[in-house]
Amino acid sequence: MVGELISNMGHSSTAGFVGVSLIFVYFAWILVMAFYRIEQGKNESHH
């Protein structure tokens, strides 16, 4: 799926290229924040 997105991104217009790039950035940001929250939860005192 990711490979198909990247190959199609190369054939698309500038707007399509920017859109797909922003989707990847957004997805990466979601993953970073998820791991950050998990680590934050581990460091809190447990009840």
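The values are calculated or read from the model by the stated rules, or taken from the named source; none is laboratory data. Source: prediction; values computed, not measured. Cβ placement follows ideal geometry from the backbone for every residue including glycine, while neighbour counts extend to all protein chains displayed.
In the stretch 11-24, which residues are surrounded by 10 or more Cβ atoms within 10 Å (Cβ to Cβ) and part of a helix (DSSP H, G or I)?
We begin by selecting, within the stretch 11-24, every residue surrounded by 10 or more Cβ atoms within 10 Å (Cβ to Cβ); these are 12, 16-24.
Within the stretch 11-24, 16, 17, 18, 19, 20, 21, 22, 23, 24 qualify.
Applying the condition of being in a helix (DSSP H, G or I) and charged (D, E, K, R) to the stretch 34-47 and asking which residue is modelled with the lowest pLDDT yields 42. The condition of being assigned to a helix (DSSP H, G or I) and touching a residue at least 12 places away in the same chain (Cβ under 8 Å) holds for only one of 5, 31, that being 5.
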